[in-house]
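Down below is the structure, laid out as structure tokens.
All of the numbers you see were taken from the coordinates with simple rules; none came from a lab. Not measured: the values here are computed from a predicted model. With ideal geometry, Cβ positions are generated from the backbone for all residues, glycine too; neighbour counts draw on all protein chains shown.
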């Protein structure tokens, strides 16, 4: 019977998968927190992944998609808020004494 060296576990595999692209994780986080940052980082990460073969394409894609969706929701919210303020101001309901 052969002894296993102390630095290696008999149950571990030495074949590791491709390295995870760090920018893909950043894209996912920024897609939720700062959506335009998620869009930018997501596109950069997708290009890096295509070029280097790293893992994380799904994370980068999710960050990009979430970034676009949240950006559209923010823009719609701002437009809706501006319309409501304009409507209230035109009816004279703001600051009425």
Inset, instruction - Tell me the label-point distance for the pair residue 32, residue 68, using the 7 Å Cα-to-Cβ offset, in nm and rounded to one decimal. - result: 2.1
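What percent do you get for the relative contact order of segment 22-89 when only Cα pairs under 8 Å and 6+ apart count? Walk me through the intermediate numbers first.
Values: 99 pairs, mean separation 24.3, N = 68.
Value for segment 22-89: 36 percent.
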Inset, instruction - With a Förster radius of 30 Å, plug the Cβ-Cβ distance of residue 87 and residue 47 into 1/(1 + (r/R0)^6) and report the FRET value to the nearest 0.05. - result: 0.10
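What number in nm² do you get for segment 22-89 if you take the convex hull of its Cα atoms and divide its surface by four? Working shown, then result.
On the way: hull surface 16.7 nm².
Approximately 4.2 nm², given one-decimal rounding.
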